[in-house]
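First the structure, in the form of structure tokens, and then the observations on it.
We did not get these values from a lab; they are worked out from the coordinates using the rules stated. If you're wondering where the values come from, they're calculated on a predicted model, not measured in any experiment. A quick note on method: Cβ atoms are made from the backbone with ideal geometry, for glycine too, and the neighbour counts reach across all protein chains shown.
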Amino acid sequence: MRYTDTKLFIGGEWTDASDGKTLEIANPVNGEVIGAVAHASRSDLEKAVEAVVEGFNIWSATSAFERYKVIRKAASLLRERVEDIARLLTTDEGKPLTESRMEVNSCADLLDWFAEEGRRTYGRVVPSRSVTVQQYALKEPVGPAVGFTPWNFPMSQIVRKLGPALSAGCSIIIKGPEEAPAAPAALFRCLEEAGIPAGVVNLVFGNPAEISEFLVPHPAIRKVSFTGSVPVGKKLASLAGLHMKRVTMELGGHAPVIIADDANIDAATTALIGSKYRNAGQVCISPTRFLIQSTVHDQFVESFVRKAEALKVGDGLADGTQMGPLINERRRNAVEELIEDAVSKGAKLETGGERIGNSGYFFAPTVLTGVTTEMRALNEEPFGPVALVRSFADLDEALAEANRLPFGLGSYAWTTSSNTARRIAHGIQAGMVSVNHVGLGLPETPYGGVKDSGYGYEGGSEALDAYTNIRFVTHETN
Ligand code: NAD
């Protein structure tokens, strides 16, 4: 499939921006412009609001079973098109094809699961104090929603909003990622061909700040969901709070990994290499602060560095590539600055730390040891292929470091002691803890953070709750 320009999808129609404005899309492999995406104007956004309101009227009056059939159909269309969509995804985002295929398939799995779960949005009968009174609680769709989604998982970040919204009976406007719009458009085509009524799903791109400042306060919008950085999340949550909107915030992380001295080091480094360098580290739950018990520190570093150096970095479309480029020059520069700062303050560069080649945004898988809390990298989310390693003497020290930052999204631990595992699972301040494997992000499991990493969930039945209100009804029958 050839890479094509992306339009807006509003009220069931694919359209250019009303003023014809577009943004260029660059291939992160070489920086070359490969296409354009329509940049919504204010009048396009007004049309999107009208459409999403009409969509809500239709979709909320559609039975859960009919909704289920449309969403399942879209999931099966996605599966039929995995190969084509994965190529689009790799072309503008950069991740290896294997990861893109996984992302498209995981979107189909998410849609299937939410479609099923939407049939189980049970209410509750509450025993009353009188035989003539019936009391019950119903779950109602919260209303037209808006979701702001980033470029690192251009499709699955959308599906984590759109899936629960649709299955709960909400309509939605997605402000998709301007950096990587092609695969999101392909997802919306699947929904369109699956028979979703006009206006139920709408896709816009443009200036993120302008779009959020218009849509978040808009009285027609009843729910706001955002995935992205902490500063932007705080801004949008404040704006939503001012207008009393329901909010889900999935923000940044700085995931700690605690490796105890009784851990299986080889198994840990194999799993963690895959997880650390997935999508070149541009993942909110990427393992980042590696806290290693001092007696196994050198063994861990030797094994991890050897595996990091064996990774094949290159064009995501090429056979065998295990890590692609970073999304753009801004991210590459940000990663470089964090590494320079750490090295200037005494960190040891065990491997990587430099750009690869003269074109595109490739950066070598990097491991730094001897990192300290004075270094920026140990405080700011690196969002790149950088592993920060330091040693600890006892578990209290490791937990104190794990909990030091305001982030609290993903976390990881390796140990063969059930007591250590329990202490970590209960003592760590994070929304998710994965022990002895990398097991976060399945459709059926809660996905969300605490502290500055946000609130609300984008997985499991909790994700559906985020798109429903409870209506209590009490009914005297005579
Ligand atoms: P950024 O803060 O400029 O943007 C992050 C996201 O927010 C982008 O998708 C952007 O379009 C959107 N955005 C920015 N301003 C907005 C506004 N006023 N209203 C609505 N949306 C707005 O950062 P970036 O350089 O694109 O990405 C790097 C940082 O973003 C990372 O450090 C990471 O913390 C965060 N991020 C997190 C996730 C995640 O999965 N939680 C995903 C992508 C980016």
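Structure data summary
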read-out	value
Peptides ranked, highest mean first, by Cβ atoms within 10 Å: ranges 339-350, 103-114	103-114, 339-350
Potential lengthening between Glu13 and Val133 on full extension [0.36 nm per residue; Cα-Cα distance subtracted]	38.4 nm
Sequence ranges 377-383, 33-39, 126-132, ranked by mean other-Cβ count within 10 angstrom, highest first	377-383, 33-39, 126-132
Proportion of all alpha-carbon pairs of region 280-377 beyond 23 Å (%)	27 percent
Helix-only [θ]222 nm of the chain, DSSP H runs n ≥ 4, -39500 (n - 2.57) each, per residue, nearest 500	-12000 deg cm²/dmol
Percent antiparallel among DSSP beta bridges (both partners in region 255-443, rounded to 5)	15 percent
19 Å Cα-Cα threshold exceeded, pairs from Lys7/Lys47; Lys312/Lys345; Lys223/Lys451; Lys95/Lys234; Lys7/Lys73	Lys312/Lys345; Lys223/Lys451; Lys95/Lys234; Lys7/Lys73
9 Å beta-carbon shell around Ser100, net charge (K/R +1, D/E -1)	0
Dimensionless Rg ratio for the chain, taking C-alpha atoms and the 2.2 N^0.38 Å reference	1.00
Value of relative contact order over region 57-134, rounded to a whole percent, pairs C-alpha under 8 Å and six or more apart	36 percent
Fraction of beta bridges assigned by DSSP in the chain that are antiparallel (%, nearest 5)	40 percent
Modelled FRET efficiency - R0 22 Å, His426 with Ala393, Cβ distances, 0.05 increments	0.60
³J(HN,Hα) computed for each position of region 114-121 - Karplus, 6.51 cos²θ - 1.76 cosθ + 1.60, integer Hz, glycine/proline x	5, 4, 4, 5, x, 7, 10, 7
Per-peptide average of other Cβ atoms within 10 Å, ordering 232-239, 256-263, 165-172 highest first	165-172, 256-263, 232-239
